[in-house]
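Working notes, structure below.
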Amino acid sequence: MGLRADITVRRGAFEVAAVLEAADGGTVAIVGPNGAGKTTVLEALAGLLPGVVGTIELDGVRIEATPPDRRRVGVCFQDDLLFPTMSVLENVAFGPRARGRDARAARLRASELLRDVAPAVEPSAKPRALSGGERRRVALARALAAEPRLLLLDEPLAGVDVAARAEIRELLRRVLAGFDGVAVLVAHDPIDTLTVADRVSVLEAGRQIQTGTPDEIRAAPRSSYAADLVGVNLFRGTLEPLPDGAARLVTDDGAITVAPETRVDGPRAAIATLKPIDVALHAEEPEGSPRNVVHGHVSEVAIDGERARIRVDGHPPLTAEITAGSVARLGLARGSDVWASFKAVEVSVIVTDEGAAPGTLSG
């Protein structure tokens, strides 16, 4: 049945108010600058804060007055909070034991989850022996172990090194795709928000500025933060290897050259992002060695102070961020002929396991 929450939380002089709604199988991302109140919302949903005003309804049952240990809520905290004296297996089995399962059944559930979520982690190891990525996997397994109906994830990629981030992100995508409850995710990275969540809630200074699907927010962002968040160029398509170790990402709207962190041996479905600030614009076709040059026409010029966002209708379509002075120097206006260029190494790539799926979205 899903989640319906309309809550207000006061912490000293700071007040946070949010309305969240999601059906079973849905994922909501709460985004916003530091200090916006994102974690406060998660703690309120988990029942960890006193004085929460409003309603929290999970599967048709109001739970705002229910103690935390009686809510069917799993939490993966930003700092993991694994029990340091317990083994990995004991940490994951803690939730089922707290819900009343006997020791054998709890350990069996924990073992199954660890094999699925953290197969390379030794169940007898203590948390201090694990890497950041391994701790994240164990924390996720522990949050899932008690079979929650609401899964709360606070910055699930925080503290994970660059090499492990893609693996953990893909793990999250897989886990959430198979989760039949509701997930609420606090995130900063645009690629987490745009590729994992069905809905996005933008929180600024304790107030919910905007809520909607990623596409709805991309179409009409209501704040500079929201515009920056969804302004990223996002591509979906099929990754094809090139002889020099680079790869081509082929989408429905064109192809770009990228530089994946690991070598691609054959066609793979992939998602890629490119920051608008990494796109250069030219009045004439550029010389030199940029791996990607896209010819098109300007479809929009949006100037905000000293910065400007330029939408280029090309193959694929792109958004660039340049200075307002560069707009004047290049003579850019709607309909202008323009070339856009960017380096392959500026494109962030995530290889997925969902099969080839051409298509592209541009911020």
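Quick look at the values:
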item	result
Residue 64 vs. criteria of a type outside the set (A, V, I, L, M, F, W, C), surrounded by fewer than 20 Cβ atoms within 10 Å (Cβ to Cβ), assigned by TED's automatic domain parsing to the domain that holds residue 216 and in a strand (DSSP E or B)	no
Every residue from region 237-250 that is surrounded by fewer than 22 Cβ atoms within 10 Å (Cβ to Cβ) and assigned to a strand (DSSP E or B)	238, 240, 241, 248, 250
Breaking point among (1) surrounded by fewer than 17 Cβ atoms within 10 Å (Cβ to Cβ); (2) assigned to a helix (DSSP H, G or I); (3) not hydroxyl-bearing (Ser, Thr, Tyr), for residue 188	(2)
Test: residue in region 307-315 that is more than 25 Å from residue 218 (Cα to Cα) and either in a strand (DSSP E or B) or not acidic (Asp, Glu) (or both)	no
Top-ranked residue of region 308-327 - restricted to ones that are out of contact with any helix residue (DSSP H, G or I) (no Cβ under 6 Å at 6 or more places or on another chain) and closer than 14 Å to residue 278 by Cβ, ranked as surrounded by the most Cβ atoms within 10 Å (Cβ to Cβ)	318
Residue check for residue 137: of a type in the set (D, E, K, R) and in contact with a Gly (Cβ under 8 Å, 6 or more places away or on another chain)	no
Every residue from region 148-159 that is modelled with pLDDT of 95 or more and either outside any strand (DSSP E or B) or not assigned by TED's automatic domain parsing to the domain that holds residue 169 (or both)	148, 149
Any hit, region 196-219, residues being surrounded by 19 or more Cβ atoms within 10 Å (Cβ to Cβ), at pLDDT 95 or above, part of a loop (DSSP other than H, G, I, E, B) and over 15 Å from the mean Cα position of the chain (by Cα)	yes
Verdict on residue 336 being in contact (Cβ under 8 Å) with a residue 60 or more places away in the chain, buried (at least 18 other Cβ atoms within 10 Å of the Cβ) and of a type in the set (Ser, Thr, Tyr)	no
From 258, 294, residue being β-branched (Val, Ile, Thr) and either more than 26 Å from the chain's Cα centre (by Cα) or farther than 19 Å from residue 345 by Cα (or both)	294
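The values are calculated or read from the model by the stated rules, or taken from the named source; none is laboratory data. Bear in mind that the values here come from a model prediction, so they are computed numbers and not experimental data. Neighbour counts run over all protein chains shown; Cβ positions are idealised from the backbone, glycine included.
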